[in-house]
1. Quick check: anything in the range 134-144 under 20 Å from residue 23 (Cα atoms), modelled with pLDDT of 70 or more and surrounded by 12 or more Cβ atoms within 10 Å (Cβ to Cβ)?
2. Need pairs with beta-carbon distance below 6 Å; first residue closer than 29 Å to residue 52 by Cα and within the range 1-21, second among the hydroxyl-bearing types (Ser, Thr, Tyr); sequence gap 6+ or separate chains.
3. Could you check how many residues of the range 108-131 are modelled with pLDDT under 95 and touching a strand residue (DSSP E or B) at 6+ places or on another chain (Cβ under 8 Å)?
4. Would you confirm whether any residue within the range 41-50 is out of contact with any Lys or Arg (no Cβ under 8 Å at 6 or more places or on another chain), touching a residue at least 12 places away in the same chain (Cβ under 8 Å), farther than 15 Å from residue 114 by Cβ and among the aromatic types (Phe, Trp, Tyr)?
5. Mind checking which pairs have a first residue in the range 157-186 that is touching a residue at least 12 places away in the same chain (Cβ under 8 Å) and over 17 Å from residue 35 (Cα atoms) and a second that is β-branched (Val, Ile, Thr) and part of a helix (DSSP H, G or I), Cβ under 8 Å, 6 or more apart or different chains?
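The values are calculated or read from the model by the stated rules, or taken from the named source; none is laboratory data. Since the model is a prediction, treat every value here as computed from it, not as a measurement. When we count neighbours, we look across all protein chains shown, and the Cβ atoms used for this are built from the backbone with ideal geometry, even at glycine.
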Amino acid sequence: MFIIVGLGNPEKKYENTRHNIGFAVIDQLARGERIPVLEKKHRALIGKGYIGGEKVILAKPQTYMNLSGESVRELVDYYKIDETKELLVISDDITLPAGQLRLRKKGSAGGHNGLKNIILHLGHDNFMRLKMGVGERPGGGRPENRDLIEYVLAHFTEQEKQEMEREAGEGADAVRMVMEDGIEAAMNCFNKKAAARPDEG
């Protein structure tokens, strides 16, 4: 069994924001695999189904981003999975250009509060993650925390929304490949498309 967790914030006002692209990937998988993500359990909206013959739980934590680990901990404990091999977390990443994604087998939070809280609750950083590029804040440099929050919670323009939908579709394809062919194969396929630039984890 796999648990696929897309990170984001609940409430309609956060839809179509950079921070919610993890939710968008789950939505793409839900539509493509016909897995309704409507059941309220483990502080998340979840859906149960199969991808490539493998049982899967799709989850959208409803704890708000900074407390995502509370939901992930409950999911891991309830379904008794090996989180080092059967948990995949999808998050936004401002160090990757918009439209690019990167798979990792483990690593640091890289400044992402949702990943940071998951690492805190699991007690380690040895779980797979799919980073979805949303681009750096205009102006570059290291933004003040308030500016960064405003940036990741800003709504997409219509053009950006279309680009993010395409990226979410590619993210869904990456998840399918992880489940069907393994993380190494998926990394070889999808990471080579990313720009050759460093990121933290």
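1. Taking every residue of the range 134-144 in turn, at least one turns out to be under 20 Å from residue 23 (Cα atoms), modelled with pLDDT of 70 or more and surrounded by 12 or more Cβ atoms within 10 Å (Cβ to Cβ).
2. Going by the 6 Å Cβ cut-off, the qualifying pairs are 7/68; 7/91; 9/64; 20/14.
3. 2
4. yes
5. Taking only residues 6 or more apart or on different chains, the pairs are 164/21; 167/21; 186/178.
Here's the yes/no breakdown for (1) in contact with a helix residue (DSSP H, G or I) (Cβ under 6 Å, 6 or more places away or on another chain); (2) among the hydrophobic types (A, V, I, L, M, F, W, C); (3) more than 17 Å from residue 179 (Cβ to Cβ):
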site: 2; (1), (2), (3): yes, yes, no
site: 18; (1), (2), (3): yes, no, yes
site: 36; (1), (2), (3): no, no, yes
site: 62; (1), (2), (3): no, no, yes
site: 77; (1), (2), (3): no, no, yes
site: 85; (1), (2), (3): no, no, no
site: 91; (1), (2), (3): yes, no, yes
site: 104; (1), (2), (3): no, no, no
